[in-house]
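One structure below.
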Amino acid sequence: MDGNQFRHGKPERITRKWWFFLIFVLLQFVTPPYASKGYTWDQWGDVIRHSVGNAFIYSYSELYPIFKIVPVVLIALIIVFRNRFRRLFNLYVALSYILFAFGQNIAVTEKYGLSICTINLIMFPAVAGFWIWEAIVLQNDFSPAKIPFWRYWVVPLAFLAFWYPLNNQTCMPDFNPAYLFTNGAGIAFCTMTPVYVGLLTIYYPRVNIATLRITGLIGLMIGIYNMITNFFVNPGRLWWNGVLHIPLLIVSLYGLVLSFRKQSQIT
């Protein structure tokens, strides 16, 4: 195996190991959240929900349109100019996951003081790291190819997540088209991951398999958490928010499963 094959193949082999997945599962149980005012163990979940629900990034709504327009423009450039903009696209996705990590998981409130969802500060940068690696090795190939039409089933789900038609005051459905450019979905892990994973599944198998796998894995785990929170912890108020997180769950699971399909040759 030459150096280039080693550089491309080793992360794919490592992320296929059972112990790789076990590490991420165990981290969920041994990585408590942080709160400067302290908390009891039975408040573990509440601290996490409080940190995510009151994250400081939501205080900067003036940035929302930027993070809505930029990914749309980059994906359009990928579709039109193919691989000429893939490194820029990969770097933007990596930057997004770093932003998700530190912007969505840190809050300062009266209840807990400074609170941090520490597990997400581990998982989200891990995803970012794989996208940075992809920006170096450039395995995602967006060049013209015959893509089966059925592959596009992820598009409506990704679009729904990106639109995120929810009224923030009532948490009820609100299909205002302005939300396509004005809400905070562009700076949220749960709403942008279906977009990025969905794009890779369309071009599969000519993509970075390890990057698809780790993004799908973390997306699936966060999706499961959201199903529990929205449909079981507070279904009366959060059921629609749960519906809007179904794309995260389904598209991430699909991407993860695809990443394990045996391919005789990844081109």
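List pairs: first residue in the range 28-55 and within 26 Å of Leu217 (Cα to Cα) and in contact (Cβ under 8 Å) with a residue 24 or more places away in the chain, second residue aromatic (Phe, Trp, Tyr) and assigned to a helix (DSSP H, G or I) anywhere in the structure, Cβ distance under 7 angstrom, at least six positions apart or on different chains.
Partner pairs satisfying both residue conditions: Pro32/Trp44; Pro33/Trp44.
For the list (1) surrounded by fewer than 19 Cβ atoms within 10 Å (Cβ to Cβ); (2) closer than 30 Å to Arg87 by Cα, I need the number of the one condition that Cys190 fails.
Of the numbered conditions (1) surrounded by fewer than 19 Cβ atoms within 10 Å (Cβ to Cβ); (2) closer than 30 Å to Arg87 by Cα, the odd one out for Cys190 is (1).
Go through the range 200-241 and count every residue that is of a type outside the set (A, V, I, L, M) and either touching a strand residue (DSSP E or B) at 6+ places or on another chain (Cβ under 8 Å) or free of Cβ contacts under 8 Å to residues at least 24 places away in the same chain (or both).
10
Any idea which of (1) surrounded by fewer than 23 Cβ atoms within 10 Å (Cβ to Cβ); (2) assigned to a helix (DSSP H, G or I); (3) touching a residue at least 12 places away in the same chain (Cβ under 8 Å) is the one Val197 doesn't satisfy?
Exception for Val197: condition (1).
Which residues, taken from the range 87-122, are closer than 19 Å to Val137 by Cα and either among the β-branched types (Val, Ile, Thr) or in contact with a Leu (Cβ under 9 Å, 6 or more places away or on another chain) (or both)?
Passing the criteria: Arg87, Leu88, Phe89, Asn90, Tyr92, Val93.
I'd like the residue in the range 90-137 that is free of Cβ contacts under 8 Å to residues at least 60 places away in the same chain, under 14 Å from Gly53 (Cβ atoms) and surrounded by 20 or more Cβ atoms within 10 Å (Cβ to Cβ) and, out of all such residues, is nearest to the chain's Cα centre (by Cα).
Asn105
Can Thr170 be described as free of Cβ contacts under 8 Å to residues at least 24 places away in the same chain and more than 28 Å from Ile147 (Cβ to Cβ)?
Yes; evaluated as a whole, the condition is true for this residue.
Mind telling me which of the residues Asn183, Asn168 ends up being of a type outside the set (Val, Ile, Thr) and either crowded, with 17+ Cβ neighbours inside 10 Å or within 21 Å of Leu95 (Cα to Cα) (or both)?
Going through Asn183, Asn168 in turn, the sole match is Asn183.
Only one of these conditions is not met by Leu199: (1) of a type in the set (A, V, I, L, M, F, W, C); (2) under 27 Å from Ala55 (Cα atoms); (3) modelled with pLDDT of 95 or more. Which number is it?
The number of the failed condition is (2).
Among the numbered criteria (1) in a helix (DSSP H, G or I); (2) of a type outside the set (Gly, Ala, Ser); (3) without any contact (Cβ under 8 Å) to a residue 12 or more places away in the chain, which one does Cys190 miss?
Here Cys190 meets the rest and fails (3).
Please verify whether the range 63-70 includes one or more residues that are under 30 Å from Ser51 (Cα atoms), of a type in the set (D, E, K, R) and modelled with pLDDT of 95 or more.
Within the range 63-70 (the criterion being under 30 Å from Ser51 (Cα atoms), of a type in the set (D, E, K, R) and modelled with pLDDT of 95 or more), the answer is yes, since at least one residue qualifies.
Report every pair of residues separated by at least 6 positions or lying on different chains whose Cβ atoms are under 9 Å apart, first residue within the range 144-165 and on the phi > 0 side of the Ramachandran plot, second part of a loop (DSSP other than H, G, I, E, B).
So the pair list comes out as Tyr164/Asn183; Tyr164/Ala188.
Please count how many residues of the range 133-177 are at pLDDT below 95 and of a type in the set (Ser, Thr, Tyr).
Qualifying residue count for the region: 2.
Pull up the range 4-33, narrow it to residues that are under 22 Å from the mean Cα position of the chain (by Cα) and either at pLDDT below 85 or not in a helix (DSSP H, G or I) (or both), then point me to the one that is surrounded by the fewest Cβ atoms within 10 Å (Cβ to Cβ).
Lys17
The values are calculated or read from the model by the stated rules, or taken from the named source; none is laboratory data. No experiment lies behind these values; they were computed from the predicted model shown. Cβ coordinates were reconstructed from backbone atoms using ideal geometry, including for glycine residues, and neighbour counts include every protein chain displayed.
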